[in-house]
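The values are calculated or read from the model by the stated rules, or taken from the named source; none is laboratory data. Bear in mind the structure is a predicted one, so any value in this text is a computation, not a measurement. Positions of Cβ are backbone-derived with ideal geometry, glycine not excepted, and every protein chain shown enters the neighbour counts. Only protein heavy atoms, including side chains, enter the accessible area calculation; ligands, DNA and RNA are left aside. Shrake-Rupley method; radii C 1.70, N 1.55, O 1.52, S 1.80 Å.
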Amino acid sequence: FVHTIEEEEYNFLRKSVGWPVLSARQALLSINNSSYFVACRHDSKTIGMTRVAGDGGYIAYIADVIVIPEYQGLGIGKTMVGMAMQAIKDGMQEGETVFVNLMAAKEKEPFYNKFGFVVRPNEAHGAGMTQYLKK
């Protein structure tokens, strides 16, 4: 596991799971401005990554949980999300709560349920909402 990758590796991972490729500038900003970043390599090939964005206080967002298809199901994603959750916990002080958010890819909700995430909407919360801004 490594804690940074190049823009080309990030976009390779995104493309491998059918996500849009980002500009080099956006990709580098995303990597460098993450509060936590981890990637998995096998034989010098980057095969997975995840990152945490947030305010360092109450809000943390787990983003870009990606494992290229031929390596899915081997526990790599589970390990990386576990590492991200531990990094969030390590930044907390006793008695504090952090609101950890993520947007699960379609039909991947059961994977995140194993970490204690709950599907929205539910009795306490409305549906998560998103918007893509384009310039």
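Beta bridges assigned by DSSP with both partners in the chain are antiparallel in approximately 80 percent of cases. The loop-placed chymotrypsin sites (Phe, Trp or Tyr not before Pro) in segment 61-107, going by DSSP, include none that has at most 15 neighbouring Cβ atoms within 10 Å of its Cβ.
Per residue, the chain exposes 67 Å² of accessible surface when a 1.4 Å probe is rolled over the protein heavy atoms with every protein chain present.
Checking every one of the GluC sites (Glu not before Pro) in segment 55-135 against DSSP loop status and a limit of 15 other Cβ atoms within 10 Å picks out 94, 96, 107, 123. GNM on the chain, alpha-carbon springs under 10 angstrom: the most fluctuating residue among 41, 120, 51 is 120. Between residue 33 and residue 123, the FRET efficiency estimated from the beta carbon spacing at R0 = 35 angstrom works out to 0.50. The phi torsions of segment 81-93, fed into the Karplus equation with coefficients 6.51, -1.76 and 1.60 and a -60° offset, translate into couplings of 5, x, 5, 5, 4, 5, 4, 5, 4, 5, x, 9, 9 Hz, rounded to whole numbers, with Gly and Pro shown as x. This model, with +1 at the C-beta of Lys and Arg and -1 at the C-beta of Asp and Glu, gives the chain a dipole about its Cα centre of some 380 debye. With viscosity set to 1.306 mPa s at 10 °C, what whole-number translational diffusion coefficient in µm²/s follows for the chain from Stokes-Einstein and a Kirkwood radius over Cα pairs? Estimated via Stokes-Einstein, D reaches 100 µm²/s. Per atom type, segment 51-135 shows carbon and sulfur on 53% of its accessible surface, probed at 1.4 Å. Beyond 12 Å, what percent of the Cα pairs of segment 30-73 remain? That tail contains 62 percent of the Cα-Cα pairs. Helix content alone sets the calculated 222 nm mean residue ellipticity of the chain: runs of n ≥ 4 DSSP H residues at -39500 (n - 2.57) each, divided across all residues, give -8500 deg cm²/dmol.
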